[in-house]
Amino acid sequence: MQDDIPNQEDIRNAAKAIEGEIIRTPMLPLRQDAFADLFGDARSVSMKLELFQHAGSFKARGNLLGIGALSAQERAAGVIAASGGNHALAVSWAAAKQHVRATLVMPKATDRLRVDGCRKTGAEVILVDDIAAAFEEMNRLSVAEGMTVMHPFEGIHMTLGAATLGAEIIEDLPGLDCMIVAVGGGGLIGGVAAAIRQNKPDCEVIGVEPFGADSLSQSFERGEPVRIGKVDTIADSLGSPAALPFSYAVARNFVSRIVRIEDGAMLDAMALMRDGLKLVAEPACAAALAAATGPLRRQLAGKNVCVLACGSNIGAARYNALLDGR
């Protein structure tokens with residue numbers, strides 16, 4: 001692995017390591033009547049349905065790799081993560097899969113579906129006031145009990161996990177011209193872009209961030225990882241307050257550009273996925289579709305496009321509240 005940037009051999013090895021343990025999620029051509037004329041003059045548009053992955057999101061891939069790489073001593077001590085989102089569910093699932101103890105520190109306001117999902121796998125859940133307190137408690141416990149911290153996006157295992165997803169996409173769509181991916185911290189889009197653009201360098205990979213959580217956009221503009229002052233978006237799975245060095249470097253190397261969208265656009269895309277595809281999507285899951293039908297629409301003319309439905313874990317109460325409040 002030259003300069004820590006995953007190459008095609010690294011990605012193939014990662015895919016082999018989790019083969020048979022993760023779901024090869026389906027690719028859906030968006031030919032339904034509900035999508036007629038929504039993509040302008042795009043040649044074709046497909047959706048990679050990664051919301052059907054174990055634990056409900058792409059994060060199952062990277063966490064399976066990360067926990068699988070632990071030493072015997074690290075496995076005995078267990079893993080810990082701070083998260084109120086899909087990462088917590090993926091850590092708990094991957095740890096249970098490999099018989100490793102997992103502790104999740106989560107904000108009290110976390111969707112109950114996610115809290116209950118972690119507990120059902122056997123993970124210990126600690127509820128604290130907010131996400132800042134969650135990271136403080138995670139750091140304290142990791143030192144006190146020797147547990148390995150599983151970061152939600154920063155680390156080679158998370159990038160390679162995302163890259164296995166990118167490899168599936170380019171295998172299913174060898175004629176792909178444009179890949180659209182939601183951005184949280186940058187681990188997902190960096191891995192997906194690394195896999196796609198090392199196989200097909202002329203394929204554009206475009207990131208999508210909410211205006212209220214645009215740490216990677218600002219980092220690209222500044223030329224270095226930055227921390228934003230405040231996160232303000234309904235897409236809690238995309239709410240990273242900072243870009244970090246490794247994932248930023250991979251993304252900067254392979255991602256073509258990033259666009260920003262309003263929260264309202266994600267709500268509209270959630271409703272479109274519900275009505276047109278009968279899918280329940282959280283805001284982050286709908287972000288790529290929101291960009292394809294919004295700011296990117298005219299730029300997709302003549303292109304074969306894929307939008308990533310990266311994952312969805314949302315309870316009925318929050319889902320209905322979001323869409324009823326549009």
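The values are calculated or read from the model by the stated rules, or taken from the named source; none is laboratory data. Owing to the predicted nature of the structure, the values given are computational and were not obtained by experimental measurement. Every residue, glycine among them, receives a Cβ derived from its backbone with ideal geometry; neighbour counts consider all protein chains shown.
Among the residues of the stretch 268-295, which ones are more than 18 Å from the chain's Cα centre (by Cα), of a type in the set (Gly, Ala, Ser) and farther than 18 Å from Pro29 by Cβ?
Passing the criteria: Ala271, Gly294.
Go through the stretch 158-174 and give me each residue that's out of contact with any Lys or Arg (no Cβ under 9 Å at 6 or more places or on another chain) and either surrounded by fewer than 23 Cβ atoms within 10 Å (Cβ to Cβ) or free of Cβ contacts under 8 Å to residues at least 12 places away in the same chain (or both).
Glu171
Conditions (1) at pLDDT 95 or above; (2) closer than 26 Å to Gly190 by Cα, marked per residue:
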{"position": "Ala271", "(1), (2)": "yes, no"}
{"position": "Lys278", "(1), (2)": "yes, no"}
{"position": "Ala292", "(1), (2)": "yes, yes"}
{"position": "Lys303", "(1), (2)": "yes, yes"}
{"position": "Cys310", "(1), (2)": "yes, yes"}
{"position": "Gly315", "(1), (2)": "no, no"}
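Condition check: closer than 18 Å to Leu296 by Cβ and in contact (Cβ under 8 Å) with a residue 24 or more places away in the chain. Does Ser237 satisfy that? Break it down stepwise before answering.
Details: closer than 18 Å to Leu296 by Cβ: no; in contact (Cβ under 8 Å) with a residue 24 or more places away in the chain: yes.
Judged against the criteria, Ser237 is not a match.
List the number of the failed condition for Ala90; all other conditions in (1) small (Gly, Ala, Ser); (2) assigned to a strand (DSSP E or B); (3) free of Cβ contacts under 8 Å to residues at least 60 places away in the same chain hold.
So the condition that Ala90 fails would be (2).
Any idea which of Ala287, Ala242 is modelled with pLDDT under 95 and assigned by TED's automatic domain parsing to the domain that holds Gly223?
Testing whether each residue is modelled with pLDDT under 95 and assigned by TED's automatic domain parsing to the domain that holds Gly223 leaves just Ala242.
Filtering the stretch 109-131 down to residues that are of a type in the set (A, V, I, L, M) and not in a loop (DSSP other than H, G, I, E, B), which residue is farthest from Ile18 (Cα to Cα)?
Quick first cut of the stretch 109-131, residues of a type in the set (A, V, I, L, M) only: 109, 113, 115, 123, 125-128, 131.
If we keep only those that are not in a loop (DSSP other than H, G, I, E, B) too, we end up with 113, 115, 125-128, 131.
Details: Leu113: 26, Val115: 26, Val125: 26, Ile126: 29, Leu127: 31, Val128: 33, Ile131: 30 Å.
Out of the qualifying residues, it is Val128.
Is it the case that Ala134 is under 27 Å from Ser46 (Cβ atoms), assigned to a helix (DSSP H, G or I), in contact with a Gly (Cβ under 9 Å, 6 or more places away or on another chain) and not β-branched (Val, Ile, Thr)? Please lay out each step first, then the result.
On the way: under 27 Å from Ser46 (Cβ atoms): no; assigned to a helix (DSSP H, G or I): yes; in contact with a Gly (Cβ under 9 Å, 6 or more places away or on another chain): yes; not β-branched (Val, Ile, Thr): yes.
Spelling it out, it is not the case that Ala134 is under 27 Å from Ser46 (Cβ atoms), assigned to a helix (DSSP H, G or I), in contact with a Gly (Cβ under 9 Å, 6 or more places away or on another chain) and not β-branched (Val, Ile, Thr).
When the stretch 184-205 is examined, which residues are found to be surrounded by 18 or more Cβ atoms within 10 Å (Cβ to Cβ) and more than 14 Å from the chain's Cα centre (by Cα)?
Step one: filter the stretch 184-205 for residues surrounded by 18 or more Cβ atoms within 10 Å (Cβ to Cβ), giving 184-198, 203-205.
Hits for the stretch 184-205 are Ala194, Ala195, Ile196, Arg197, Gln198, Cys203, Glu204, Val205.
Which residue, of Val192, Val183, Val205, Val143, is within 22 Å of Met266 (Cα to Cα) and free of Cβ contacts under 8 Å to residues at least 60 places away in the same chain?
Exactly one of Val192, Val183, Val205, Val143 is within 22 Å of Met266 (Cα to Cα) and free of Cβ contacts under 8 Å to residues at least 60 places away in the same chain, namely Val205.
Scanning the stretch 173-183 for residues that are assigned to a strand (DSSP E or B) and of a type in the set (Val, Ile, Thr), which turns out nearest to the chain's Cα centre (by Cα)?
Val181
Looking for whichever is more than 16 Å from the chain's Cα centre (by Cα), crowded, with 18+ Cβ neighbours inside 10 Å and hydroxyl-bearing (Ser, Thr, Tyr) here; the options are Ser215, Ser237, Ser219, Ser256. Which one fits? It would help to see each step written out before you state the result.
On the way: Ser215 fails: more than 16 Å from the chain's Cα centre (by Cα); Ser237 fails: more than 16 Å from the chain's Cα centre (by Cα); Ser256 fails: crowded, with 18+ Cβ neighbours inside 10 Å.
None of the others qualify; the one that does is Ser219.
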